[in-house]
Structure formats: structure tokens, C-alpha cells
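Before any comments, here is the structure.
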């Protein structure tokens, strides 16, 4: 133990520094907070971003599904393309695909925030698929892979999912 003022070596039972007279506080040592790992620091933001991405995919899904059920509205506005029989089912199918993407993003985000075991693997798969949708989704895919793909992250995520 050393004096805070002059740096002299002190005995544990001293209340004053023998060299400079500085009063010593007999406080127990304060434990420093454990530093959080990269996975712990980034897991919640990644989960939130995946939920936001899922919510954003809900918008085109809802629009396409609504338009597919409103062909008469479109023909009244003079759009002849909707008179074809294949257009409403095609739009509904595309809206359904967007709905599945949205549900996947929301579920992965929720799973990552709650440390579900299946969420890491699913997030890695969605991150690889997101790489092909620039620019925002590519960045999210790279960020997700950077955090979740290393072997150390796999073992740490396994530990977090058991808690």
C-alpha cells in the first residue's frame, strides 16, 4: 500500500502517512466492474436492428396484399394491367414472401435479445441473405456476421443462452 500524496510505502494498519501526514481512508477496495465482451455489447443492438428491419418489411407486404385484394379499385382508376387474372395472385404471393421476411427479422431480433439458442444460427443465415440487398441490409449482414460468426462468439452465446 502506498500514500496517494507522496508515494511512500505504508503499513496496512497506518491511518496517517509517516512521511507527509496525509490521512489514509480505510476503505475496502472497490471491485472494478467486469468488462463486457464484444458479443454482450453488440447483441442487443443487433436484435433491435433486426426487429426494425422486420418492421420495415411489413410495409411493402401490407401494401402489396392490400393492392392484390383491390383490383376493382385499380381498374376504376384506369389501370388495365389489373384486369389480367394473374396479377392479383402474383402481388399477394410477393406480399406473402415479404411477410415471411418480416416475420423472420422480427423473430430473430427477439430471439437475440432474449438469448434464444436458435437465434444465433438463424441470424447468421439471414445475415448472409441480407448481404445481397445493398446498402443498409448489406451493412446489417456484415455487422451481424462480425459479431456472431467467430468461434469465441459461438461458445459465449451458448453460455448466455443457458443463463
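Every number here is computed from the coordinates shown, using simple stated rules; none is lab data. Worth saying up front: this structure is predicted, and the values here are computed from it rather than measured. Neighbour counts are summed over all protein chains in view; Cβ atoms, including those assigned to glycine, are modelled from backbone coordinates with ideal geometry.
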Problem set entry | Rg and Dmax of region 45-162, Cα atoms only, in Å | 18.2, 60
Exercise. Exposure proxy check: 158, 116 ranked by fewest other beta carbons within 10 Å?
Worked result: 158, 116
Problem set entry | Protection proxy ranking, peptides 5-17, 49-61, average beta carbon neighbours within 10 Å, highest first | 49-61, 5-17
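For residue 129 and residue 37, calculate 0.36 nm times their separation in residues minus their Cα-Cα distance, and state this gained length in nm to one decimal. Spell out each step's value before the answer.
Values: separation 92, 0.36 × 92 = 33.12 nm, distance 2.63 nm.
The residue 129-residue 37 span can extend by a further 30.5 nm.
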For this session: Using R₀ = 30 Å, calculate the FRET efficiency as 1/(1 + (r/R₀)^6) where r is the Cβ-Cβ separation of residue 69 and residue 118; round to 0.05.
Result: 0.35
